[in-house]
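Below you'll find the structure, written out as structure tokens, and then a few comments.
Each reported figure results from applying straightforward, stated rules to the coordinates on display, with no laboratory input. Owing to the predicted nature of the structure, the values given are computational and were not obtained by experimental measurement. As a convention, Cβ positions derive from the backbone with ideal geometry for all residues, glycine included, and neighbour counts pool all protein chains shown.
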Amino acid sequence: PYEIDVLHRDDDILVADKPPFLATMPRGRHITETLTVRLRRALDLPELTPAHRLDRLTSGLLLCTLRREVRGAYQQLFAAREVHKTYGAIAPFDPALRPGTVWRSRMLKVAGEIQGHIVDGEPNAVTALVDVIPLTAAEQATLEAVHGPQPPLAHYVLAPETGRTHQLRLHMWEHGVPILGDNVYPRIHAEDEEDHSRPLHLVSTGLSFVDPLSGEQRRFTAARRLLPGQAG
């Protein structure tokens with residue numbers, strides 16, 4: 001139900017604005033309806049490969065390489081945590097959650113299980129809470145028109161330092177503020193129950209890094225919005 005916007009393209013990389021409900025890579029029941037396959041076919045780019053991943057329900061910036069020769073250099077940037085990533089999320093407002101807080105947890109995702117878990121042990125998932133901005137009455141009303149009555153909501157700006165599966169969704173849930181539209185945390189909803197008018201309000205909004213080929217600083221910002229009619 002959503003289109004893929006291409007925000008940047010050069011000889012080596014493409015930056016796409018991924019819509020929600022679209023898998024990044026072919027896997028399981030999602031083969032042709034994935035960002036990778038759709039862009040390869042639409043743009044005649046057979047070597048297009050994502051350098052990282054976004055959850056199927058998460059939207060926003062996704063960087064892809066266009067040539068096999070450069071694929072490893074960009075994938076290594078993400079593997080080495082040399083890309084600064086920012087996300088926006090809409091969730092219940094909690095004044096006790098202060099900007100500048102850093103969440104550190106050990107997360108476990110078992111193959112075949114939909115939900116991940118937070119367990120005891122050495123942290124392997126780190127997320128910085130950059131900002132918390134309560135929604136205006138108009139913004140709250142806009143979301144309630146789609147999702148129904150909600151507690152007071154806020155826009156959370158998050159900067160993950162690691163890239164565990166469902167990391168931001170789990171960290172928000174762990175701290176009592178599950179992301180609006182999440183169909184896994186706290187309760188799993190079957191995929192065939194999905195309502196495409198009620199997406200997960202989690203958007204990859206920023207990517208910045210030193211280009212491994214040119215050495216230049218590069219920054220990309222998502223055009224996708226967290227709120228209809230509002231800047232994301």
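Distance distribution P(r), the stretch 38-90, all Cα-Cα pairs, bin width 5 angstrom from 0: 4, 17, 25, 23, 18, 10, 3, 1 percent. Taking amide H as placed 1.01 Å from N in the peptide plane, HIS52 has its amide H under 5 Å from the amide H of LEU63, each at least 5 places away in sequence or on another chain. In order along the stretch 101-114, phi translates into HN-Hα couplings of 5, 10, 9, 10, 9, 9, 10, 10, 10, 8, 4, x, 9, 6 Hz, rounded to whole numbers, per the Karplus curve 6.51 cos²θ - 1.76 cosθ + 1.60 with θ = phi - 60° and x for Gly and Pro.
Would you mind counting up the charge near GLY72? Only other residues with Cβ under 15 Å from its Cβ, with Lys and Arg at +1 and Asp and Glu at -1. Cβ neighbours under 15 Å give a net charge of -2. When GLU161, GLU122, GLU82 are arranged by Cβ crowding within 10 Å, least crowded first, meaning fewest neighbours, the order is GLU122, GLU82, GLU161.
The ranking of SER105, SER197 from fewest to most other beta carbons within 10 Å of each one's beta carbon is SER197, SER105. The label point for ALA42 and the one for GLN115, both projected 7 Å from the Cα toward the Cβ, are 3.5 nm apart.
Neighbour counts of C-beta atoms inside 10 Å place ASP211, ASP55, ASP17 in the sequence ASP211, ASP55, ASP17, starting with the fewest. The Kirkwood hydrodynamic radius of the chain, based on inverse pair distances between different Cα atoms, is 18.4 Å. Summary value for the chain: 21 percent relative contact order, contacts being C-alpha pairs under 8 angstrom separated by 6+ residues.
Computed on the stretch 20-143, with alpha-carbon pairs under 8 angstrom and 6+ residues apart, the relative contact order is 15 percent.
Here the sum of -39500 (n - 2.57) over DSSP H runs of 4 or more residues, divided by the residues of the chain, equals -5000 deg cm²/dmol at 222 nm, to the nearest 500.
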